[in-house]
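Working notes, structure below.
The values are calculated or read from the model by the stated rules, or taken from the named source; none is laboratory data. In this text, all values refer to a predicted model and were calculated from it rather than measured experimentally. Neighbour counts run over all protein chains shown; Cβ positions are idealised from the backbone, glycine included. Surface areas here come from the heavy atoms of the whole protein model, side chains and all, with no ligands, DNA or RNA. Shrake-Rupley method; radii C 1.70, N 1.55, O 1.52, S 1.80 Å.
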Amino acid sequence: AMNIGEKMNRKVKVLLAKLGLDVHNRGLVTVAMELRNEGMEVIYLGNCMPDEIIATAVQEQIDVIGVSSLGGAHLSLGSLLMQKAQQKGFKDELVFLIGGVFSPEDADELEKIGFDGVYPPGSTRETIINGLKAALAEKQAGDSS
C-alpha cells in the first residue's frame, strides 16, 4: 500500500496514444492540453500499437493510459491492449481510458474488456477529467486491500 503515498506525492502520469494507424489526432491533442492544465504529466506517443503502449507505460511508470481510436479497430486493438496489460500484471493497477467514434454496443463491449472510461464524441472536458480522477482513486483504493 506504500505506493499510494508515492503516487500522491508526484504528478499523475498519463500516457496518450492513437491506437493503430488512424490519423485524426485533434481530439487527443486537446485532451493532452486539458490534462496538463490539470497539473498532470502527459506523454503523447502518437500512433502506436498495443505492444509499444504497454512497453512505454512500464518504462515511464505511467498511472493512466488513454487511447483514441477512430479507425474502427478499437475492439480488436483495445482487446489486445488489455491482454498485454494483463500479461504484464498491471491491468488492475492502471487506469485505461478510450475515446473515439464507436457505437453504443461497442462502448459496452469496451467496458466489458476492461476499459475504465469510454468516451464517445462530444465527451466534455469535465466528463473526461472527472472520470479519470474517479477511476484513479478507485484503483488506488484497490491497492490497499
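Observations
- Whenever a residue of the stretch 62-91 is under 22 Å from Asp22 (Cβ atoms), its partners that are among the aromatic types (Phe, Trp, Tyr) and outside any helix (DSSP H, G or I), lying with C-beta atoms within less than 6 angstrom and at least six residues away or across chains, give the pairs Ile65/Phe96; His74/Phe102.
- Contact map, the stretch 39-58: residues that are under 10 Å from Lys84 (Cα atoms) paired with residues that are of a type outside the set (A, V, I, L, M, F, W, C) and modelled with pLDDT under 95, Cβ distance under 8 Å, separation 6+ or inter-chain. Pairs shown: Ile54/Lys88.
- Filtered by the rule that a residue be in a helix (DSSP H, G or I), small (Gly, Ala, Ser) and either farther than 19 Å from Ala135 by Cβ or out of contact with any helix residue (DSSP H, G or I) (no Cβ under 7 Å at 6 or more places or on another chain) (or both), the stretch 36-79 gives Ala55, Ala57, Ser76, Ser79.
- Residues that are assigned to a loop (DSSP other than H, G, I, E, B) and in contact (Cβ under 8 Å) with a residue 12 or more places away in the chain were ranked within the stretch 92-108; the one that is surrounded by the most Cβ atoms within 10 Å (Cβ to Cβ) is Phe102.
- Ala1 being closer than 26 Å to Ala141 by Cβ, small (Gly, Ala, Ser) and either open to solvent by 40 Å² or more (accessible area, probe 1.4 Å) or modelled with pLDDT of 95 or more (or both): yes
- Residues (surrounded by fewer than 14 Cβ atoms within 10 Å (Cβ to Cβ), modelled with pLDDT under 95 and under 17 Å from His74 (Cβ atoms)) located in the stretch 109-145: Pro121, Gly122
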